[in-house]
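Some notes on the structure that comes next.
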Amino acid sequence: MKKSAESVFQQQIDDAATLDAVDPTVAKLIIESGDGQKDRIGVSKVNLNAAALKPSQTTMVLDKAIGMAIGMISSNKIGGDLGAMISADNHILDGHHRWAATILASGKAGKVGGYQADIGGEDLLKVLNILSKGAFNVRN
């Protein structure tokens, strides 16, 4: 029995929590199909308290974060724009070391900027993984 394109797409979306699980051919088809208006995700530029954000990755290089914190203190430039995506539930999807350095250098007072999407972290990660492989040909 053949699977419908819709079920293949849904399975790919369900499995897209890791970049390795994304099939680039199916990802490209997902991106090219659908309704360009209905499928939009709202994104806005934000500046938030670093302490209110949550990491989406579980590992960090402590030396790197501490070094960045020392650099921020030395230059008197603490925090700043991560240039990263932030989910509606405040998970950061990039810039983890700069985020941690901001907290180390300033405690709860530090602020970081980024782009906040109107969807939660789990779904945003899947969207970004599908876009990475299907639109930008990122393999790793």
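Looking only at segment 19-31, how many residues end up being in contact with a Gly (Cβ under 8 Å, 6 or more places away or on another chain) and either under 22 Å from Gly114 (Cα atoms) or open to solvent by 60 Å² or more (accessible area, probe 1.4 Å) (or both)? Summing the residues that are in contact with a Gly (Cβ under 8 Å, 6 or more places away or on another chain) and either under 22 Å from Gly114 (Cα atoms) or open to solvent by 60 Å² or more (accessible area, probe 1.4 Å) (or both) in segment 19-31 gives 3. The criterion of at least 3 residues that are small (Gly, Ala, Ser) is met, among helices (runs of 4 or more DSSP H) falling completely within segment 1-111, by 62-75, 96-106. Screening the candidates Lys64, Lys54, Lys45, Lys77 for the property of being surrounded by fewer than 20 Cβ atoms within 10 Å (Cβ to Cβ), within 15 Å of the chain's Cα centre (by Cα) and over 30 Å from Gln11 (Cα atoms) yields one hit, Lys45.
Within segment 98-128, being open to solvent by less than 30 Å² (accessible area, probe 1.4 Å) and under 9 Å from the mean Cα position of the chain (by Cα) holds for Gly121, Leu124. Within segment 82-94, identify whether any single residue is farther than 21 Å from Ile41 by Cα, in contact with a helix residue (DSSP H, G or I) (Cβ under 6 Å, 6 or more places away or on another chain) and surrounded by 20 or more Cβ atoms within 10 Å (Cβ to Cβ), and answer yes or no. Taking every residue of segment 82-94 in turn, none turns out to be farther than 21 Å from Ile41 by Cα, in contact with a helix residue (DSSP H, G or I) (Cβ under 6 Å, 6 or more places away or on another chain) and surrounded by 20 or more Cβ atoms within 10 Å (Cβ to Cβ). Only residues that are at pLDDT below 90 and either surrounded by 13 or more Cβ atoms within 10 Å (Cβ to Cβ) or touching a Lys or Arg at 6+ places or on another chain (Cβ under 6 Å) (or both) were counted in segment 1-18, giving 7.
Within segment 129-140, the set of residues being more than 13 Å from Met85 (Cβ to Cβ) and either open to solvent by less than 40 Å² (accessible area, probe 1.4 Å) or in contact with a strand residue (DSSP E or B) (Cβ under 9 Å, 6 or more places away or on another chain) (or both) comprises Ile130, Lys133, Gly134.
The values are calculated or read from the model by the stated rules, or taken from the named source; none is laboratory data. All values derive from a computational prediction rather than experimental measurement. Reconstructed Cβ throughout: ideal geometry from the backbone, glycine too, with neighbour counts over all protein chains shown. Ligands, DNA and RNA are stripped out before the accessible areas are found, and what is left, the full protein with its side chains, is counted by its heavy atoms. Shrake-Rupley method; radii C 1.70, N 1.55, O 1.52, S 1.80 Å.
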